[in-house]
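Heads up: the structure comes next, in structure tokens.
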Amino acid sequence: MDNFLEYIFSLPIIAFTIPLMIMIVFWLFALLGAIDIEILDPDVDTDAADGTGSSFLESLGLDGVPLTVAITLVEIYGFVFIYMARKYIAPLFDGILSATASGFVLAVFALLLAIPFAAYTSKPLRSVFKTHEGVKKSDLIGTYCIVTTQTVTENFGQARAEDGMIYSVRTAPDNQIAGGSRVVLIDFNKDDDTYIVVTEAELMAMSSTQHI
């Protein structure tokens, strides 16, 4: 055991041992819920403004998973490859390169080899970390519904969309829409979480007026 520890903390293996140990500690904290696994991922707004980071990961095939996952996979494969290279390949450089030079070459070789392996392994994980954006309420403007209450007024009313969703709807002041009418969501009121609706006939009249 002592020989093994001495081996993995020797050059060049230590270049992967220390980062891998850090990632192991990170994942222990992540499992306890103390750290967000996406802590290293760029902010959405920053990423949209400058996609350099995401495009770089995409070029390596490491996109689609949290950065912490990508780093961990690279470190795992890198550690395995540098361990094997140190044991079986390093002796071939004896008398040709110094220990420091051969260690540097093996570390770079292990890293370059680890990246495609990590990219291949990350592919099945992408579906696990894929996020689906919820539909914004304002995106529902233009949806057709059927009034399910006796009337819709500026203070009360409900309507059902074709997908079965029920929405709280309101009319413009001093207006009423009878139950069973086909209406259209034309605006969303954030204050009371309701939609302003008009009938199909009113919508057509509004459209005609705008085109005159």
Mean Cβ-within-10 Å packing, highest first, puts peptides 14-24, 72-82 in the order 72-82, 14-24
Take every DSSP beta bridge whose two residues both sit in the chain, then give the antiparallel share in percent to the nearest 5. 90
Not counting ligands, DNA or RNA, and with a 1.4 Å probe, what is Ser138's accessible surface area in Å² rounded to the nearest 10? 70
Along the charge dipole of the chain, which of Ile13, Val183, Pro91 sits closest to the positive end, that is, farthest toward it, with unit charges on the beta carbon of Lys, Arg, Asp and Glu (+1, +1, -1, -1)? Pro91
At a Förster distance of 45 Å, what's the computed FRET efficiency of Glu6 paired with Ser127, Cβ-Cβ distance as r, to 0.05? 0.65
Hydrophobic long helices for the chain, i.e. whole DSSP H runs reaching 15 angstrom or more by Cα along the axis with Kyte-Doolittle mean at least 1.0, come out as 14-31, 67-88, 99-122
Sequence of Asp41, Asp94, Asp193 when ordered by accessible area, the most exposed leading, probe 1.4 angstrom: Asp94, Asp193, Asp41
Lysines whose Cα lies under 20 Å from that of Lys137, excluding same-chain neighbours fewer than 8 positions away: Lys190
In what order, largest first, do Ile196, Ile177, Ile141 sit by accessible area if the probe radius is 1.4 Å? Ile141, Ile196, Ile177
In percent, how large is the relative contact order of the chain, given Cα pairs closer than 8 Å and 6 or more residues apart? 14
Considering only protein heavy atoms and a 1.4 Å probe, what is the carbon-and-sulfur percentage of the accessible area of the chain? 62
Could you tell me which residue out of Ile196, Ser55, Ala114 lies farthest along the dipole of the chain toward its positive end? Charges go on the beta carbon: Lys and Arg +1, Asp and Glu -1, centred on the Cα centre. Ala114
Diffusion coefficient, µm² s⁻¹, Stokes-Einstein with Kirkwood Rh over alpha-carbon pairs of region 59-196 at 20 °C and 1.002 mPa s: 106
Could you grab the relative contact order for region 109-185? Cα pairs under 8 Å, six or more apart, rounded to a whole percent. 28
Per residue, how large is the accessible surface of the chain? Use a 1.4 angstrom probe and give square angstrom. 65
Mind grabbing the accessible area of Asp139 for me, 1.4 Å probe, Å², rounded to tens? 100
Report the longest stretch of the chain that contains none of the trypsin sites (Lys or Arg not before Pro) sitting in a DSSP loop with at most 13 other Cβ atoms within 10 Å. 1-129
Accessible area of Leu32, 1.4 Å probe, to the nearest 10 Å²? 150
Rounded to the nearest 20 Debye, what is the dipole magnitude of the chain about its Cα centre when Lys and Arg each give +1 and Asp and Glu each give -1 at the C-beta? 740
Given a 10 angstrom Cα cut-off, can you work out which residue in Pro91, Pro12, Pro66 is the most mobile in a GNM of the chain? Pro91
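The values are calculated or read from the model by the stated rules, or taken from the named source; none is laboratory data. Only a predicted model underlies this, so the values are computations on that prediction, with no experimental measurement involved. With ideal geometry, Cβ positions are generated from the backbone for all residues, glycine too; neighbour counts draw on all protein chains shown. To get the accessible areas, we keep the full protein, side chains included, count just its heavy atoms, and leave off ligands, DNA and RNA. Shrake-Rupley method; radii C 1.70, N 1.55, O 1.52, S 1.80 Å.
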